[in-house]
Amino acid sequence: MKRTSKRVIAFLLTLVLMLSLCACAQMKQLWAEISVDGETPPGKHDKKPPEKPRPGAGGSDAQPAQAGFSEEAEQSLAWLRDRIDFPQTMFGAAYLGYVEEDSGGDWLSAADQAMLEAYPFLAEIDENHIIGSTGYLYCIVPVDENASVSINRMQWNEKTKTYENTEVCYRSESGEPVLLFANLDGVAYEADTQVWITDNSGNCCEWWPSFDAMSYLAPCISETGDYLSFDFTEYGWRGVPSELAPWLADGWSGIYAPGLEGCWTVQAAAWDTGRTANYYLWFFPEDENGGSVRLDWQYEGSDLFEEMWSGYWTITSVMDGPSYVTISLSLVGGENYGVTDGPYYISDTYPLVIDYSGEKMVLGAGENGVSLPFMPKYESQLSILTLDSWLTESPDW
């Protein structure tokens, strides 16, 4: 009797063990299927960034590799990565401009032309690494070339008081530059896109492309207060005439009032005759905002001044972009005084940049289309003037 009872108990224990093993196997299969499908297990809230695949794991949903850059573009990308490679910095970001819905996908024309000149790789980013086609345009450049990047469209759920992932836009494990259109409702201060960047050491950061209250790019800051992003936007270049883009990209900049002091000369065709003339533009600073100005010109080889102008000028100094000088002049003398059919008073605001030496100036077209005598009369064109040190030191010649 006792022996029979022991056999029954042993049989029941074996049966229970077999059922437990079967249940475990089924649960493992279920969790494996959930993991493969990329879904969050029941009862879990997905707050973690996508895991970086193991080397050799592949991943069919990852973006294809970027088409090769030109040598010039590759050099600009390497230079930028070196520029932003600080401790704690994980990626660089820049705002490139707003692209309208009716642009027809031509973001190059809408983007900041000076930025495109300074960073040629921007214009060569292929379509596999451009997310969206309209809205506020950002560039993202991971410092680590092996970083993984994940970009998701997000939407606020008023009931749950949380953001929900509405679209997986981009996945990459190669750290290539990305162009991203975000803030699709047209409001730059309302974030709607989530960017996760994970470097090869497993460090990760979460960034929401948008603007802060000062209209600067919102930074990515860690829980300990470290800045994980580097903003390489050239804010002084935004909205400037496209013809000034190459000069800004080449390091030319704005100027303060004292830097304009002296005689700036240029040789150009006279308005009505087409003959070559020499022009002398004098700036006399009186304070940090401006002063008096004089403009005289004479035909090449002549000792007589055809026109003599006098007036005043003011300047809005912008050092990381073009400064803006307002010049107001009245015709006060010269061979043409009293007999010319041209204007006797001119006034407009002109963008200007100065080279490294402070001895060459590029003066852009007037904002209202008013040309100075040495500028083409009916077309927008840059004028390049040179500071004449001899005339500057002898203003009473």
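Quick look at the numbers
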item	result
Extension gain (nm, one decimal) between residue 78 and residue 386, 0.36 nm per residue minus Cα-Cα	107.4 nm
P(r), alpha carbons of region 186-230 - 5 Å bins starting at zero, rounded %	5, 20, 27, 26, 13, 6, 3, 0
Dimensionless Rg/Rh of region 269-397 - Kirkwood Rh, Rg from C-alpha atoms	0.94
Extreme residue, positive dipole direction of region 192-292, given options 235, 280, 257 (C-beta unit charges)	280
Accessible surface of region 240-354 [probe 1.4 Å, protein heavy atoms]: carbon and sulfur percent	48
Region 147-255: GluC sites (Glu not before Pro) in DSSP loop, at most 13 other beta carbons within 10 Å	158, 223
Size of electric dipole in region 225-275: Cβ of Lys, Arg +1 and of Asp, Glu -1, about Cα centre, debye, nearest 20	240
Percent breakdown of C-alpha pair distances by 5 Å bin, ordered from the shortest bin, for region 177-298	2, 8, 11, 12, 12, 13, 9, 6, 6, 8, 7, 4, 2, 1, 0
Compactness of region 100-187 as Cα Rg over 2.2 N^0.38 Å, two decimals	1.21
5 Å binning of all Cα-Cα separations within region 108-156, expressed as whole percents from 0 upward	4, 13, 25, 28, 16, 11, 3, 0
Where chymotrypsin sites (Phe, Trp or Tyr not before Pro) fall in DSSP loop in region 170-249, at most 15 other Cβ within 10 Å	189, 216
By accessible area with a 1.4 Å probe, ligands and nucleic acids excluded, highest first: order of 319, 214, 154, 361	214, 319, 154, 361
Cα-centre dipole for region 97-173 with unit charges at Cβ (Lys and Arg positive, Asp and Glu negative), debye to 20	480
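The values are calculated or read from the model by the stated rules, or taken from the named source; none is laboratory data. Just so it is clear, the model here is predicted, and its values are computed rather than measured. Don't worry about glycine lacking a Cβ; one is built from the backbone with ideal geometry, like all the others, and counts go over all protein chains shown. Ligands, DNA and RNA are excluded from the accessible area calculation, which covers all protein heavy atoms including side chains. Shrake-Rupley method; radii C 1.70, N 1.55, O 1.52, S 1.80 Å.
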